[in-house]
Structures are given as C-alpha cells and as structure tokens.
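Read through the structure below, which is laid out as structure tokens, and then see the notes.
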Amino acid sequence: MSLKIGLYHDSIRYGEVELDSLFVMEPADYTCEPKGVVTCDEVTQIAKVLRRTPQIETGVVGEFAWGKEYPPKSSHSFRESCTG
C-alpha cells in the first residue's frame, strides 16, 4: 500500500510524503520530498489520524496543512481508447 500526502503552506505546495505503511515507526516507512520538510514524528502524527479516522483526509501538522492526494483521472475511459 502506498499513499501520497501533499504538504501546503498558505496554499503553496511545499512537497509530499509518501507513506508505505500507516504504521509509521521509522523513516524507512515513508519518503518525503523535499527531504526534511517534516520530521518523522510529524509523519507519524499524520499516519495516526489516517489510521484512526480514515474518513479524515486533511489536517495540520507543524506549519503545514496536509491532504490526501489522489491520482489524476484520465480524460477518457479505457473503453474509448480501445474502440476508437
């Protein structure tokens, strides 16, 4: 399982965290770009919120607003690409 979390400050995107597991215990359980934007403790806080209350998809940690990010939707369906 992989889950991307965007990090924002004053509506400006500063980076993202990609969780490999919602049970974040150490830096190996996530990647953060750019490195050092948030601490392991802050990532652990985000993971706890998502694990305990999955319907909550946004929050605040430190100076950043975070939000679950979804892959962009395709502009056309698979059926359209196969049929013409």
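The values are calculated or read from the model by the stated rules, or taken from the named source; none is laboratory data. Computed from a predicted model, the values in this text were never measured in an experiment. Using ideal geometry, Cβ is built from the backbone for each residue, glycine included, and neighbour counts are taken over all protein chains shown.
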Original post:
What number goes with the only condition from (1) modelled with pLDDT of 90 or more; (2) under 22 Å from Asp10 (Cα atoms) that Tyr30 does not pass?
Top reply: (2)
Subject >> Any pair with Cβ under 9 angstrom, 6 or more apart, that starts in the range 52-64 at a residue that is surrounded by 14 or more Cβ atoms within 10 Å (Cβ to Cβ) and ends at one that is among the hydrophobic types (A, V, I, L, M, F, W, C) and in a strand (DSSP E or B) >> reply: Gly59/Ala65; Gly59/Trp66; Val61/Leu7; Phe64/Leu7
Original post:
Of the residues that sit in the range 1-18 and are assigned to a strand (DSSP E or B) and without any contact (Cβ under 8 Å) to a residue 12 or more places away in the chain, which one is surrounded by the fewest Cβ atoms within 10 Å (Cβ to Cβ)?
Top reply: Ile12
**OP:** List every residue pair whose Cβ atoms sit under 6 Å apart, with the two residues 6 or more apart in sequence or on different chains, where the first one lies in the range 19-48 and is free of Cβ contacts under 8 Å to residues at least 40 places away in the same chain and more than 18 Å from Tyr70 (Cα to Cα) and the second, anywhere, is surrounded by fewer than 20 Cβ atoms within 10 Å (Cβ to Cβ) and among the polar types (S, T, N, Q).
**Re:** Val24/Thr44; Asp29/Ser21
Subject >> Residue list for the range 48-64, restricted to those being among the hydrophobic types (A, V, I, L, M, F, W, C) and assigned to a loop (DSSP other than H, G, I, E, B) >> reply: Ile56
